[in-house]
Structures are given as C-alpha cells and as structure tokens.
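Read through the structure below, which is laid out as structure tokens, and then see the notes.
All of the numbers you see were taken from the coordinates with simple rules; none came from a lab. Since this is a predicted model, take the numbers as computed values, not measurements. As a convention, Cβ positions derive from the backbone with ideal geometry for all residues, glycine included, and neighbour counts pool all protein chains shown.
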Amino acid sequence: MSRAIQVRVSESVVRTVHVEDGVQTPLELLPVLAPERMADLLATELEAQGFARDAQNPNLAKRTDPDGIEITVDLATATVSVKLGASTKLDENVSLEARVAEEGRAGTEAHLRDAAMGELDKRIAAKTEALRREVTAKLERKLGDLRSELDQAIGRTTVAALTERAQQLGEIQDLVTDEAGNVTIKVKV
Amino acid sequence: MTDEVELELVEDVDIDEVPLVAQSESELIMMARALVQPRAHDTWAYLASAHKMPDTIGPSCEALLEDALSRIWPALWRRDGARPRASVIGNAVVRGRPWQRYAPAPLVFTRATLELLRWLVGMPLATGGDVPELEARPLAIGDEVAIYLALDLATDLPPQLVIARQPMVRKSALAWLGFAHLMAGDAPDFTPIVTGVGAIVVDALGGELADRWRGAELHKRQLENPDELLAVGRAQSAALEKFMAACDAAHRRDLASFVLDAARPLLERNLAPVAQLLDPGKPLSTRSQARLAAGALLRGVQTWSHWDDQHRGVRFIDDDYDVAQILLGRFEPIGRPLTDRAAQMLSELASLIPTPSTTIEAP
C-alpha cells in the first residue's frame, strides 16, 4: 500500500530587464543652401535649444531630457530619432504543491518545477510588457511638444538660410516677419 | 408511367477517339482548366478536396493539359478586355490590341507547372492549415503565369495564403507583382517579367494589377495590428521598388503604368494607406515603421514623378520623343496636384505625431 505525500516546489528568479522604444523620422528641411551649410545652420538652432554636437560624430546633435528621453538629430540626413529606455530589477517567487502517491514523487516534482518555471516566465514577460507600455506612453506624451519645438527650429533655420541666400543675391533692404511666421525679404540686386 | 425525353444529337462523337484518363488525371486537367477559366468552374470544390496523385501521368493526360494551358493567352487578354492601347517595345511606340502590338510568342512551361497542379489537386487546402511544401525550382514564364493564376483562383479564400507561402510561389516575380501583400522574405529578380514574353504578360495584366494594388491599399486601411501592416508594407515596397527599377533598366517604364492607375482614385479621395489608429498597445517604434512601410504605392507615384521630370526634358528632335510623349500622357491624370498630395501623405506617415487619416469610403 503506497503512502500519500505532499510535494512542494519553490522557484524564484531575479532578472534585470531593459525595455526601449523610439521613433525615427525625417525633418522637412528645405534645400535653400548647400546641404553642409543647412546642417550648420540647423546645428546652431539646435544648440540654442540645448543640443550638443557629438564629439565623435559631429553630424549628430544630441540632447537628453530630464525625463530620460534621448533626442538625436542627424544633421547630414536631416532625421531625428527619439528614444526612451527603462530598466528594472524583477524579483519573482512561485510555490506550487501537490498531493501524490509516494512512488510518483519524482515525476510530480519535475512536473511542478516545470510549471513553476513557466509561471515565472509568464510573470516576467507580463511585467516587462507593462514596463514597455509605460515607456511608450511616456514617449508619446513627449512627442507633441517635441514636434512643435523641432518645427520652430526648422522654421528659424529656413529663415536664416533664406536671409543668407538673399545676402548672396544682393543687398537686403527689408525683412518683415508677420504673426503667422511668414517672412518677406526685400533684396536690391 | 414513363417519361419521354427527346434527345437532340448535337455532335457526332466517335467514342474511340475520346481520350481516356484516370480519375486523378482528370482532376489535374480540371484544375488546369480552372486556372485558365476560373469563372467556369467550382473553384472552392477543387481547392478544398484532396486526391492522391500517382507519380506519373499518361500521354492522354499530357495532351489534355497542354491543350488547357495553350488557352492561357486569350484568357489573359480577356482579363484586361483586350483593350487597344500603346506599348513601348524596343524604344518605339506600338499601338493596337495585344495581339497586334506583340508578335506571337509561346508561353514556356516546365515541370514546375505540373508540380504546382499536382500540389493543388493533392493537398487539402480548405482550412488554410499546414500542408507539405511546394519546393522552389527554376521557373519559366509559363510557370509564373500558372502560379499567378493559382493565386487568383483562390482570391478571398483561405487556400490563397497557403499557396502564397510556398517556396516555389515566393520565387515567382509575377506572383510578387500581383500579390505582394501576401508575400514575405526577399523579392526575386523582376527582369524576367519586364523583358521578352514576361513583358507581354505584365502588359496584358496591367488593368488587373491596378485593381489588385488598389484593393490592397484599401485593405491596409483596415489593419490595426502594426506588425501585420509592417509585413504587408515591407513586401509591397520590396516588390514595387525592384519592379520599377527593372522596368527602368529594360526601358519599359510603360509596364509600371498600373501604379498610377491604382493610386489615382485613392489620391483623388485623399485616402491614406493606413488605419486611423494603429493598436496603441504596440511599441511606438513598430507603429512608426509600419506607417512608413505602408506608403509603398505612394513612393511608386514619386518615382513616376521623377520619371515624368525626365520625360519633360526630352526634345522633339530626340530619338525617344514618341516614347516620352506616351509616358507623359500616362502620368498626366496624376499631375502635380496628386503628386503633391502623395508627398503630403508620405510626410504625414513619417510624422512624429500622425494625424488621423480620412474615413474609408466604398471604392
């Protein structure tokens, strides 16, 4: 006659997970001057907004905001990349138990251990996904402000480029900017 | 009580001359006939049933298969209404109906077509589930047409996806051109279908290709899962970019006219190729990439716009003036306003904060 025993299995996992989300999009920069000069003018505008040229690759202007969002503008290709990452340490424990006949102990223990590992994987995946969604939501909230900030920088870069182009054509007699941001430049050639 | 039936002899048939084939061979022949004339057959019954196929076919079956496949040219012409139009052949403009524009050219079929027919008859495709693969092998233009027709036969049915994911099908440039939205992986070389007999096939299918691409664009507007949209967009981009580059290299830009015919009604109604809202639970990076990829057809319009600029520069005294005039005429209905609209749509697709697209209307 076999005895009934209780098998209890505990598994735990400590894992550091890192999630990241981001977008990359082209900037609509009109080719008023040569690409290198347009890049310089854009860099000047971006530096006024807290961007710094990358020491190793001067074609990149970068800024990291207090909320951790990294903004990188590639001046050569006129593209902007916005990225946010987050890391966290996850500590999960699972305990499972079952009553079985003594002779079935080994099989049950292995089965419970597999089930516990599966449950741990599921919990880690769910928490990682929750963290990723948090990162995505934070990034999305930021994009509206960032777009308007970049649009303004592009606008000022275009005006600077047009002014420089006008100076190349002749003598600027008048430069008027209306409330809508439209610029009129009168040039004596 | 007896029923009296009057029989009228319409044809004198010599029983000895009727070719006899095995049941399995009969299924093979009926499948070939269904490819050529899908409306005349019960498509679903053919694709849903599965028959054990013997290793070889008899000479009668071979002759009947040849007969069925020999009717593909008229079937292709009928698909586009056999419209009279102009084609650019050998850097010259040739006008007329398809058989007037091109010299007669046979479609070459290889063992691949027989393998395809055997697979279609032998596999239970009704559920769209897993079936043994149809292995890739070198394709002649006739094989490509047979694959295209098989995909067409299964339109809107679960077997279409099963057929589209077969290695042999994914090696077919014509299948990619007609059904890019179902494809995955690397697009094949499109040169075989923009030169020689392949070009005649694509020319004959122009109207149908435009309808297919327009339908795929409307379908994309219903995809809310960005992963799905990304897969479709990437396949479409790969197909269209390679096809248009091949057309350009072969001096057959006219073959890409379907891009304009597909895009024009959508641009006129300002219909962007994405849903109003992609699943907000998915990563922003995936949604952003999916939106960019979805603009394949719009990028095709931009390529046409660059070509159009080149055509405008061709002078009356230049050799290819007539060709340029034909191509200018093809682009004219799109013109600058719709090109600008396509550029605007692409800009919105790439925007950091996408603006909602307009509501879908019936095509």
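Here are the numbers for the structure shown:
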item	result
Globularity index of the stretch A:46-189, i.e. its alpha-carbon radius of gyration over 2.2 N^0.38 Å	1.97
Positive-end residue of B:SER87, B:HIS181, B:PRO132, charge dipole of the stretch B:63-193 with Cβ unit charges	B:SER87
Over the stretch A:1-98, relative contact order from alpha-carbon pairs under 8 Å, at least 6 apart, %	44
Loop GluC sites (Glu not before Pro), the stretch B:129-194, which have at most 14 other Cβ atoms in a 10 Å radius of their Cβ (DSSP)	B:GLU133, B:GLU135
Proximal charge balance of A:GLY118 [Cβ under 14 Å; K/R count +1, D/E count -1]	-2
√(5λ) per eigenvalue of the Cα gyration tensor, the stretch B:207-363, largest first, Å	30, 15, 14
Stretch in chain B that is longest and holds no trypsin sites (Lys or Arg not before Pro) that DSSP places in a loop and that have at most 11 other beta carbons within 10 Å	B:53-268
Surrounding net charge for B:ASP227, when Lys and Arg each add one and Asp and Glu each subtract one, Cβ distance under 14 Å	+2
D (Stokes-Einstein, µm²/s), Kirkwood Cα radius, the stretch B:182-266, 1.567 mPa s at 4 °C	96
Values of log10 I(q)/I(0), in the order q = 0.14, 0.20 Å⁻¹, for the stretch B:50-198 under a Debye, Cα-only, solvent-free model	-0.75, -1.36
Cα convex hull volume per residue for the stretch B:230-307 (Å³)	88
Cα long-axis angle, helix B:321-331 against chain B (0 to 90 degrees, to the nearest 10)	90
Against the rule of thumb 2.2 N^0.38 Å, how large the Cα Rg of chain B comes out	1.11
Sequence-separation-based contact order of chain B, relative, with Cα cut under 8 Å and 6+ spacing, percent	15
Subset of A:LYS83/A:LYS142; B:LYS171/B:LYS242; B:LYS171/B:LYS220; A:LYS83/B:LYS282; B:LYS171/B:LYS282; A:LYS62/A:LYS138 violating a 21 Å alpha-carbon distance limit	B:LYS171/B:LYS220; B:LYS171/B:LYS282
Relative contact order, percent, chain A [alpha-carbon distance under 8 Å, six or more residues apart]	29
A:GLU28 paired with A:GLU179, simple spin-label distance in nm, labels 7 Å along Cα-to-beta-carbon	2.4
Dipole magnitude of the stretch B:316-356 about its Cα centre (Cβ charges: Lys, Arg +1; Asp, Glu -1), debye to nearest 20	340
Charge-dipole axis of the stretch B:30-156 as Lys and Arg at +1 and Asp and Glu at -1 on Cβ define it, positive-most pick from B:TRP119, B:VAL145, B:MET30	B:VAL145
Environment charge of A:THR163, counting only residues whose C-beta is closer than 15 Å and scoring Lys/Arg +1, Asp/Glu -1	0
Part-to-part distance (alpha-carbon centres) for the stretch B:283-333 and the stretch A:103-125, which is given in Å	59
The protein assembly as shown, Cα convex hull volume normalised per residue, Å³	290
